[in-house]
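This report refers to the structure that appears directly beneath it.
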Amino acid sequence: MTVVLRRNWGKFYKIAMCAAKMPSFSAIFRAIPRVTAALRVPLQSLATSGTMRETIETNLALTAFQAFVQSNWGTKMAGTVEQKLASQGITLPEPTAPVANYVPFVRSGNLLFFSGQVCFNAEGKLIAKGKLGAGVTIEQGVAAAQGCAINLLAQVKAALGDLDKVVRVVRLGGFINSAPDFFDGPKVLNGASDLMVAAFGDKGRHARTTVGVASLPADAAVEVEGVFEVS
């Protein structure tokens, strides 16, 4: 087994680099005894040739090493910001594709400008539909704004690959589908703002505009756009 591990060290090291985000070589080396200890398969009882047995050992070792790395360092793969979101029960959905002649985001220097995100949930259904002040409550609007923010972060991750690359949430723009006499749009948009602060801490505190509008695409209750400074 030692020969197999040595011969296939490049494979093990590649797995560790991807999963552990560049841990030290010594840390990986110290893991090898634990990996080999986990491989308690009576290969000697298999009626196989030496070459076949070595192939089986190699595959088993690779599988065990992947499991070891994932169990010890796997939480780092998601990034600190995503871990914070996960601790609140929030998982980022797949970002939605544009529905008209525009792109999801544009980068200019260190700024990323994101197109408006409507309050769809992960299943593609509206979290709140209709007008605030005319059938949609403030609480429902807050949940819709949070859903928009989650979709916005999904686009950020698609653009950067890692939310930890966000330096600052610069600005949010909120559009609230409102009845003419509804004036609590800022309370609704807090659903998006609170999520940004929860995810990024002080880096999530941002400038903001809230606008009441007569309608939104698909009769969504809320739409949110954003600008992010990134590394």
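Just wondering, is there one or more residues in segment 192-200 that are assigned to a loop (DSSP other than H, G, I, E, B) and in contact (Cβ under 8 Å) with a residue 24 or more places away in the chain?
Filtering segment 192-200 for residues assigned to a loop (DSSP other than H, G, I, E, B) gives none.
Taking every residue of segment 192-200 in turn, none turns out to be assigned to a loop (DSSP other than H, G, I, E, B) and in contact (Cβ under 8 Å) with a residue 24 or more places away in the chain.
Asp194 passes every criterion in (1) farther than 13 Å from Val166 by Cβ; (2) over 20 Å from the mean Cα position of the chain (by Cα) apart from (2).
Close Cβ contacts (under 6 Å, 6 or more residues apart or on different chains) running from residues in segment 202-228 that are assigned to a strand (DSSP E or B) to residues that are modelled with pLDDT of 95 or more and among the hydroxyl-bearing types (Ser, Thr, Tyr) comprise Gly212/Ser178. Every test in (1) more than 21 Å from Leu111 (Cα to Cα); (2) surrounded by 21 or more Cβ atoms within 10 Å (Cβ to Cβ); (3) not acidic (Asp, Glu) is passed by Ala134 save one, and that test is (2). Beta carbons closer than 7 Å, at least 6 apart along the sequence or on distinct chains, pair a first residue in segment 135-150 that is farther than 26 Å from Val81 by Cβ with a second that is surrounded by fewer than 19 Cβ atoms within 10 Å (Cβ to Cβ) and of a type outside the set (Asp, Glu) for Val136/Gly130; Ile138/Lys187.
A quick yes/no check of all residues on (1) in the same structural domain as Thr96 (by TED's automatic domain parsing); (2) within 20 Å of the chain's Cα centre (by Cα); (3) closer than 22 Å to Val103 by Cα:
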| position | (1), (2), (3) |
| --- | --- |
| Gln155 | yes, yes, yes |
| Leu163 | yes, yes, yes |
| Val169 | yes, yes, yes |
| Pro186 | yes, no, no |
| Phe200 | yes, yes, no |
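Could you please let me know if Gly174 is closer than 27 Å to Ser108 by Cβ, modelled with pLDDT of 95 or more, of a type in the set (Gly, Ala, Ser) and out of contact with any strand residue (DSSP E or B) (no Cβ under 9 Å at 6 or more places or on another chain)? Answer is no for this residue. Is it the case that segment 155-164 has a residue that's farther than 20 Å from Gly109 by Cβ and of a type in the set (A, V, I, L, M)? No, segment 155-164 contains no residue that is farther than 20 Å from Gly109 by Cβ and of a type in the set (A, V, I, L, M). For segment 113-142, the tally of residues that are farther than 22 Å from Val103 by Cβ and assigned to a strand (DSSP E or B) stands at 7.
The values are calculated or read from the model by the stated rules, or taken from the named source; none is laboratory data. No experiment lies behind these values; they were computed from the predicted model shown. Cβ: placed from backbone, ideal geometry, glycine included. Neighbour counts: every protein chain shown.
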